[in-house]
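> Take a look at this one; I'll ask things after.
The values are calculated or read from the model by the stated rules, or taken from the named source; none is laboratory data. The structure displayed is predicted, hence computed values, not measured ones. Glycine also receives a Cβ, built like all others from the backbone with ideal geometry; neighbour counts cover every protein chain displayed. Ligands, DNA and RNA are stripped out before the accessible areas are found, and what is left, the full protein with its side chains, is counted by its heavy atoms. Shrake-Rupley method; radii C 1.70, N 1.55, O 1.52, S 1.80 Å.
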Amino acid sequence: MVVLPYTVAFLLLCSLQTVKIANSQSFIGINYGQVADNLPPPSSTVKLLQSTSIQKVRLYGSDPAIIKALANTGIGIVIGTANGDIPGLASDPNFAKSWINTNVLPFYPASNIILITVGNEVMISNDQNLMNKLLPAMQNVQNALNDASLGGKIKVSTVHPMGVLKQSEPPSSGSFDPSYGDLMKGLLEFNSANGSPFAINPYPYFAYRSDTRPETLAFCLFQPNAGRMDGNTKIKYMNMFDAQVDAVYSALNSMGFKNVEIVVAETGWPYKGDDNEVGPSIENAKAYNGNLIAHLRSMVGTPLMPGKSVDTYLFALYDEDLKPGHGSERSFGLFKTDLTMVYDVGLSKSSQVRTKFMCISLVFRVFNSQVFYS
């Protein structure tokens, strides 16, 4: 029996796609914020996570109940120190050691802690004292890990907003704000010396809010658009996420740190907001997160970092109903607190199984519609 060639090609493509989906989840993470009074218990959340392809979770603190609940799941855990802890961590090595003794040693390795973030978006805090103490705090946390023989197993870094860049367009001209000067250089030297990532929060949503043209929305949502040409490299960018990540890469490269890994610590899109907010909607949020996940799974990478997908932590697991500010700030959750989806972006394992069976069904339909020769 001979099968027409394009059927074979379709079958191979389908099989490859199924394998790709099954084996390419390790870079998909999610932020688990807790500024809320209605969150489900950690045990329920862990069961939810295990029903998805999410392989990493970022906590903004170090809630022991959550860390313990994640034990023996294999899920990578990012924990964080509060900004308010930075002065103490910087000035007192014993405080750093105590922090590790309290928040890491009782749980590791059963709980797969992979990264400690010292502070969050400190470099735009306008608190010069805090900024100056960030690197010493990171060094003391690293030393405490080293003393516990965990220095090569758990990394230490901090998280930055896109605001640390002075320029991000075109991506090849990405550069850090020179006002950070030696502070940023010191942080990057720390990342390079310790093999820890540069963690950044790119949000195409915020880029759209400052330029609400329809073509900008399509560019931000990974939808068909004319693209944007980088005049220096002659690369045409087809989505804002790649453009922002490559701008960060260019900024690192300009300072001699192109080999420092980039991790996307936060990115997302709100599904609702106040009446005067432009951009939040179920449709837009589903498009952004769903297309981003598909883009990551494709392993295409970015134009300046092709062939790999950066670790990306989606924002967020749940809405945080106690957050101040616009309504959109409380509407980034992918899941409701009753553990159902706000909208489906293909993260659940059951949806991936359905995709596989749909693919197989399509193959049989193609078989049945063709002529076979024996």
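> In whole percent, and with a 1.4 Å probe on the protein chains, what portion of the accessible area of segment 160-220 is carbon and sulfur?
C and S atoms contribute 47 percent here.
> Given a Förster distance of 35 Å, report the FRET efficiency between Val300 and Asn94 from their Cβ-Cβ distance, rounded to the nearest 0.05.
Given R0 = 35 Å and the Cβ-Cβ separation, E is 0.15.
> Structure shown: which of Lys234/Lys286; Lys56/Lys234; Lys308/Lys349; Lys286/Lys308; Lys68/Lys258 lie over 28 Å apart, alpha-carbon to alpha-carbon?
Long pairs (Cα-Cα over 28 Å): Lys234/Lys286; Lys56/Lys234; Lys68/Lys258.
> I've got another one for you. Using 1/(1 + (r/R0)^6) with R0 = 22 angstrom and r between the beta carbons of Gln34 and Arg209, what's the FRET efficiency to the nearest 0.05?
Details: r = 26 Å, r/R0 = 1.17.
FRET efficiency, Gln34 to Arg209: 0.30.
> In Å², what does the accessible area per residue of the chain work out to with a 1.4 Å probe?
Per residue, the chain has 45 Å² of solvent-accessible surface.
> Here's a follow-up. Full-extension gain between Ala226 and Asp182, please, as 0.36 nm times their residue separation minus the C-alpha to C-alpha distance. It would help to have the intermediate numbers written out before the result.
Details: separation 44, 0.36 × 44 = 15.84 nm, distance 3.91 nm.
Result: 11.9 nm gained on full extension.
> Another question, then. Largest first and in whole Å, what are the equivalent-ellipsoid semi-axes of segment 133-243 based on the Cα gyration tensor, each being the root of 5 times an eigenvalue?
Ellipsoid semi-axes (Å, largest first): 35, 15, 13.
> Ok, one more. Taking Rh as the Kirkwood radius, which is the inverse of the mean 1/r over Cα pairs, what is the Rg/Rh value for segment 231-309?
So for segment 231-309, dividing Rg by the Kirkwood Rh gives 1.04.
> Given the DSSP H assignment, sum -39500 (n - 2.57) over each helix run of at least 4 residues in the chain and divide by its residue total; what's the result at 222 nm in deg cm²/dmol, nearest 500? If you can, show how the numbers build up before the last one.
Working: 12 runs with 151 residues, N = 374.
Theoretical 222 nm ellipticity from helices: -12500 deg cm²/dmol.
> Still on this structure, I have one more. Size of the dipole of the chain about the Cα centre, Lys and Arg at +1 and Asp and Glu at -1 on the beta carbon, nothing else charged, in debye to 20?
1340
> Carbon and sulfur together cover what percent of the accessible area of segment 61-147 at a 1.4 Å probe radius?
Ligands and nucleic acids excluded, carbon and sulfur reach 47 percent.
> With the full set of protein chains in place, find how many percent of the accessible area of segment 228-270 is carbon and sulfur; take the probe as 1.4 Å.
48
> While we're looking at this one, here's another question. Express in whole angstrom the spacing between the alpha-carbon centres of segment 170-230 and segment 67-144.
When both Cα centres are located, 25 Å separates them.
> Oh, and also: So how much slack lies between Glu189 and Ala148, counting 0.36 nm per residue of separation and subtracting their Cα-Cα distance, in nm? Don't skip to the end; give the middle numbers.
Numbers: separation 41, 0.36 × 41 = 14.76 nm, distance 2.26 nm.
The span from Glu189 to Ala148 would gain 12.5 nm if fully extended.
> Another one. Evaluate the chain: find the radius of gyration of its Cα atoms, find its Kirkwood radius, and give the ratio Rg to Rh.
1.00
> Between Ala71 and Ser26, 0.36 nm times their residue separation minus their Cα-Cα distance comes to what?
On the way: separation 45, 0.36 × 45 = 16.20 nm, distance 1.73 nm.
Answer, rounded to one decimal: 14.5 nm.
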